[in-house]
Amino acid sequence: MKNLWKSIKWIFVNVKPFIKYLVIIIVLGVVTSLIDILRALLSKQLIDSATSRNLQMMFELMGIFAMTIILELLMRAVVSIITARFNIQLTNSLQQSFYKKIMGIKWLEFTKYHSGDVLTRMTSDVDAITNIITNTIPTLISLVVLLIGSFIAFLFLEPVLGVILIIVSPITIIVSKYLSSRLKKMYLKFQEIESRYRSFLNESIQNMIIVKTFCLEETNIKAVKNLQKERLDLTIARAKIAAFANSIMISGFWINYFLVFGWGTFKLYNKATTFGSLTAMISLIGNIQGPISGMAMLLPQVIAAIGSAERLQQFENLDAEDTDIKCDKVQEAGIIYENVWFSYKKNKPILKNISVNIKQGETVALVGPSGEGKTTFINLLLALVDAEKGNIYIKHGNKNIPVSVATRKLISYVPQGNTLFSGTIRENLLFGNLSATEEELEMATKSVCAFDFIKSNPAGFNAVLGERGMGLSEGQAQRLAIARALLHKTPILLLDECTSALDANTEIQVLETIKNLKPAPTCIIITHRTTALDICHRVFIIDKGELKEK
């Protein structure tokens, strides 16, 4: 119950900015329910006036009956329009909030989740919550009003039968409550499977070249079938529970209908009631049983929303980066590591007592066997991970600035692999500097030997790239990534195996250009190629967690 209340509270906190839409939809829904009850009572008067041959009253009631239909149609149209607006605004708000959260959480926390899982939470889980707020809750309140109002009206018509119905009808609610915990567990499990399914599809599509070159097409197809079978089995299990619940509800409906119909016809036979009263009772029993059935049918949606809220709240509890720290922009900077220790697993340090002083404007190389901590060294400087012991500073003059989220703006980073986005070459470059001029774009691309191949395309900087820079060679993609970093114009530049696809001459030319920039950035180059070492001021080796100068 504590978790349930927490999830409900979390949902409504996020809905608060849009509460006016919810109130309007609920009010119109309640009025529509009251009109349904009024129409049932009108049907009694209309039929009774017809059987008593009261023509004037019959036409008056028919006019009122028609007006209720027109009014209901108008209100339903208004509700439909408001709901559509409410739905998309709430979806956007929840997705923005979630996206902002994942942008702000610590890197190691983020890497615990697969991108497919994150996308599932941001799409289907948000949709489940949006649906319950914009549709389920207003519908539920309308059904409750319809249920209570119809019971009251029924009690006025047939008090004894009304009491019997009050006793019999809640059976479906009791059954629904019993099934709710099982449905929630199955929903959460289904979402987990859905995340795995999307993750697998996402990765296999992104890495299609690996799938094809390793002849894994059939293997992947079988894997998809197995995941689909898991989804199917769980869907069938959920359907069985739903079918059981529906059978109970339908049985309850027919029992109540039989009671009303049998009771009414028996009294009609004994001339103890009128045709109009029997018609009204049949209409009201629909208004009673319909909401009970409807509420039970809405139960899976409620459970889905609560489960989805719990999944989104998991990210609320993750450690966030400290964005309150501020740092002034500087033109020149050095780097200091003081007795730094770091490990991903307890008692298994990746870096051991690292100390180094890299002066402003120096170009240094970081070499060593794979998996020994070179990228971790960079991640510490970027404050993507935190040192267990020791300190890391950005040195500006006589001032040592502790590394933090704020000091990232002093660093340009070119990571390993292809890091381009789909879109134009211009859009990719502007990630480094949104206000870069045409001249600056040309200078940056010329400095990395990219300008010629860009201009060879008739579209130039407006040439459209596919996903992950599709349409360029690996070497061209690397040069654009370096140009993007240069446009960032920071005093520190980090290059992590970002020239591996360049030929030796181009690599030297690019690195010499970087080294000769004015003012010269402090540059750390992670490389396995010896060609880059000759232009570096110093070379450091990381081996078995220890840093040594070569």
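The values are calculated or read from the model by the stated rules, or taken from the named source; none is laboratory data. What you see is a predicted model, and the numbers here were worked out from it, not measured in a lab. When we count neighbours, we look across all protein chains shown, and the Cβ atoms used for this are built from the backbone with ideal geometry, even at glycine. We work out accessible area using only protein heavy atoms, side chains counted, and drop any ligands, DNA or RNA first. Shrake-Rupley method; radii C 1.70, N 1.55, O 1.52, S 1.80 Å.
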**Study point:** Mean Cα-pair separation over length for the range 1-153, i.e. relative contact order, pairs under 8 Å, 6 or more apart, %
**Key:** 43
Study note, to complete from the structure: Stokes-Einstein D for the range 486-550 (25 °C, 0.890 mPa s, Kirkwood Rh from Cα pairs), in µm²/s, comes to 192
Review point. At q = 0.07, 0.10 Å⁻¹, what log₁₀ I(q)/I(0) does a Debye calculation on the Cα points of the chain give, no solvent, two decimals?
Key: -0.63, -0.96
Revision key, fill the gap. Tilt, helix 137-157 to longest principal axis of the chain (alpha-carbon atoms), in degrees rounded to tens, equals 10
Point to revise | Neighbour-limited loop hits for trypsin sites (Lys or Arg not before Pro), the range 33-132 (at most 11 other Cβ within 10 Å; DSSP other than H, G, I, E, B) | key: R53, K112
Review point. Tell me, what % of the accessible area of the chain is carbon and sulfur with a 1.4 angstrom probe?
Key: 62
Review point. Any idea how far apart F275 and I24 come out in nm if each label point goes 7 Å out from Cα toward Cβ?
Key: 4.4
Review point. Over the range 11-79, what relative contact order in percent results from Cα pairs under 8 Å that are six or more residues apart?
Key: 39
Practice item. Calculate the translational D of the range 374-465 in whole µm² s⁻¹ from Stokes-Einstein, where the hydrodynamic radius comes from the Kirkwood formula applied to all Cα pairs, the temperature is 20 °C and the viscosity 1.002 mPa s. Key: 136
Review point. Given that compact globular proteins tend to follow 2.2 N^0.38 Å, what is the ratio of the alpha-carbon Rg of the range 433-536 to that value?
Key: 1.05
**Study point:** Of all DSSP beta bridges in the chain, antiparallel share, percent nearest 5
**Key:** 60
**Study point:** Values of log10 I(q)/I(0), in the order q = 0.14, 0.19 Å⁻¹, for the range 69-127 under a Debye, Cα-only, solvent-free model
**Key:** -0.54, -0.74
**Study point:** Value of D in µm² per second that Stokes-Einstein yields for the range 1-120, Kirkwood Rh from Cα pairs, at 25 °C (0.890 mPa s)
**Key:** 131
Practice item. Could you let me know the centre-to-centre spacing of the range 425-446 and the range 222-241, using Cα atoms, in angstrom? Key: 49
Check your understanding: When only C-alpha pairs under 8 Å and at least 6 residues apart count, what is the relative contact order of the chain, in percent?
Key -> 16
Revision key, fill the gap. So the angle from the long Cα axis of helix 2-15 to the longest Cα principal axis of the chain, reported in degrees to the nearest 10, equals 80
Review point. With every protein chain present, what is the per residue accessible area of the chain (1.4 Å probe, Å²)?
Key: 53
**Study point:** chymotrypsin sites (Phe, Trp or Tyr not before Pro) restricted to the range 301-350 and DSSP loop, no more than 13 other C-beta within 10 Å
**Key:** none
